[in-house]
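Comments concern the structure below.
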Amino acid sequence: MTDTQPLWKPEYSVGVDTIDQQHQRLFGLLQDLTLTDPVKSHAVLVQEVEDYINFHFAHEQHLMSKYRYPRLQAHLDQHQDFHRQFQLLQAGAKTDAKQLARIRLMVYAWFTRHILGDTMDRDLGAWLQARGLPAA
Ligand SMILES: [Fe+2]
Ligand SMILES: [Fe+2]
């Protein structure tokens, strides 16, 4: 993964519009972490990533509840695990360029594993698609 490489790839699609669009937006925010923003501080950029992840997790939780997803708890446990790892990474460290790179790498690795490797989001996407949610 280089700084200029697009992070989103079509193979990350889970087949549900809103989830795919949010993953794309999140990966776009991760890419912004590599930019030198004249207005926003590093802390603000990291906060934007965290806020967006919270929004995204809440959206998935809403869909899982609404459509009675049978693996809801296992999925929520993974989201909770993300928060633990994210907090640990931020604890006691300044958000300098190196720290931003570490955060970017951790979030990217976690999400690609959650979407594809553990098939958590992909399985959720298949369940929702089978219940008529629009495909991307
Ligand atoms: Fe998820
Ligand atoms: Fe997700």
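Which value in deg cm²/dmol, rounded to the nearest 500, describes the helix-derived mean residue ellipticity at 222 nm for the chain, given -39,500 (n - 2.57) per DSSP H run of n ≥ 4 and division by the residue count? Write out the running numbers ahead of the final one.
Values: 5 runs with 87 residues, N = 136.
So the helix-based figure for the chain works out to -21500 deg cm²/dmol.
Could you tell me how many degrees, from 0 to 90 and to the nearest 10, lie between the Cα long axis of helix 17-32 and the main elongation axis, the longest principal axis, of the Cα atoms of the chain?
On a 0 to 90 degree scale, this one is about 10.
Multiplying the sequence separation of residue 25 and residue 130 by 0.36 nm and subtracting their Cα-Cα distance, what value in nm do you get?
Numbers: separation 105, 0.36 × 105 = 37.80 nm, distance 2.46 nm.
Taking 0.36 nm per residue and subtracting the Cα distance, the gain is 35.3 nm.
If each residue of separation counts as 0.36 nm, what is the full-extension length gain between residue 41 and residue 11 once their alpha-carbon separation is subtracted? Don't skip to the answer; put the middle values down first.
Numbers: separation 30, 0.36 × 30 = 10.80 nm, distance 3.25 nm.
Going from the current span to full extension adds 7.5 nm.
Which whole-number percent is the relative contact order of the chain (Cα, under 8 Å, 6+ apart)? Present the calculation step by step, with values, prior to reporting the outcome.
Numbers: 95 pairs, mean separation 57.0, N = 136.
Across the chain, relative contact order equals 42 percent.
With every atom except the alpha carbons ignored, what do you get for Rg and Dmax of the chain, in angstroms?
Looking at the chain, its Cα Rg and Dmax stand at 15.2, 46 Å.
Any read-out appearing in this document is the output of simple, stated calculations on the displayed coordinates, not a laboratory observation. On a predicted model such as this, the values are computed, not experimentally measured, just so you know.
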